[in-house]
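The values are calculated or read from the model by the stated rules, or taken from the named source; none is laboratory data. A quick note: this is a predicted structure, and the numbers were derived from the prediction, not measured. Don't worry about glycine lacking a Cβ; one is built from the backbone with ideal geometry, like all the others, and counts go over all protein chains shown. Accessible surface is based on the protein model in full, side chains and every heavy atom, while ligands, DNA and RNA are left aside. Shrake-Rupley method; radii C 1.70, N 1.55, O 1.52, S 1.80 Å.
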Amino acid sequence: MIWCIEDDPGIREIEVYALNSTGMNAVGFGSAEEFREALKTETPELILLDVMLPGEDGVTILKQLRADERYRHIPVIMATARSSEFDKVQSLDLGADDYITKPFGMMEMVSRVKAVLRRAQPKQGKALLRLGGLTLDEEQHTVTIDGQRTALTFKEYELLRLFLSHPGMAFSRDQLLQAVWNTDYAEETRTVDMHIRTLRQKLGDYGRHIETIRGVGYRLEEKDDR
């Protein structure tokens, strides 16, 4: 079940209709209060969360979800009319799995929802990928640094998994968009840069192993000289 939290009834109805018409199950909520009441009895597969809500806003809801063990793994896509890079990066830093800027087309929204749901599916029988004290467990879908678990969004996790699976290989931004976002929209290359930035920050000292290749993109340098 996909939950759309949007205070504008017209937009909310269109979102729910678009998702239901493509074979998914979706319901809408107009406020944080309605959302929290429903959360008492059901847990959604994904939340499409508007930032600008009356009363308790979407950023506050996102923070609380990520701080609660019961709900922190629910994928969240933030919807906002604000298009500055700061607002997008802030959402990613707080644990959003993706963002979409208003006004957006329904086809784009459905595509992003499907992509995030694919990333959220658990992977079975996979290996451990390591770089020094950095370990990615594909079966448990976890990342640890020197034994301490590190929380990544699904996109950050998929980027790291791709890099660790192909150490030393350079990926263009277009290749990363196709591999991780399942899209080749050229105008979305800034999305890659923002996710790389937040991934580096979360990896701490290991973030420096993700190198920027001028004129190409990014690669993971395997050498560990810590």
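Quick rundown of the values:
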{"read-out": "Any hit, the stretch 75-83, residues being open to solvent by 20 Å² or more (accessible area, probe 1.4 Å), part of a strand (DSSP E or B) and of a type in the set (Gly, Ala, Ser)", "value": "no"}
{"read-out": "Checking LEU177 against (1) at pLDDT 90 or above; (2) open to solvent by less than 10 Å² (accessible area, probe 1.4 Å); (3) closer than 25 Å to GLN90 by Cβ, the condition it does not meet", "value": "(1)"}
{"read-out": "In the stretch 92-111, the residues that are crowded, with 16+ Cβ neighbours inside 10 Å and modelled with pLDDT of 90 or more", "value": "MET109, VAL110, SER111"}
{"read-out": "Out of VAL59, VAL51, VAL89, VAL16, sole residue that is of a type in the set (Val, Ile, Thr), within 23 Å of LEU203 (Cβ to Cβ) and open to solvent by less than 30 Å² (accessible area, probe 1.4 Å)", "value": "VAL89"}
{"read-out": "Qualifying residue in the stretch 130-153 (condition: in contact (Cβ under 8 Å) with a residue 40 or more places away in the chain and within 26 Å of ARG12 (Cα to Cα))", "value": "yes"}
{"read-out": "Breaking point among (1) within 19 Å of ILE196 (Cβ to Cβ); (2) without any contact (Cβ under 8 Å) to a residue 24 or more places away in the chain, for ALA96", "value": "(2)"}
{"read-out": "Residue that is surrounded by the most Cβ atoms within 10 Å (Cβ to Cβ), among those in the stretch 19-46 that are hydroxyl-bearing (Ser, Thr, Tyr) and closer than 23 Å to LEU117 by Cβ", "value": "THR22"}
{"read-out": "Residue among ALA127, ALA170 that is open to solvent by less than 80 Å² (accessible area, probe 1.4 Å), of a type in the set (A, V, I, L, M) and modelled with pLDDT under 85", "value": "ALA127"}
{"read-out": "Single match in GLU6, GLU33, GLU69 (criterion: under 19 Å from THR153 (Cβ atoms) and among the acidic types (Asp, Glu))", "value": "GLU69"}
{"read-out": "So THR41, is it more than 15 Å from the chain's Cα centre (by Cα) and free of Cβ contacts under 8 Å to residues at least 24 places away in the same chain", "value": "yes"}
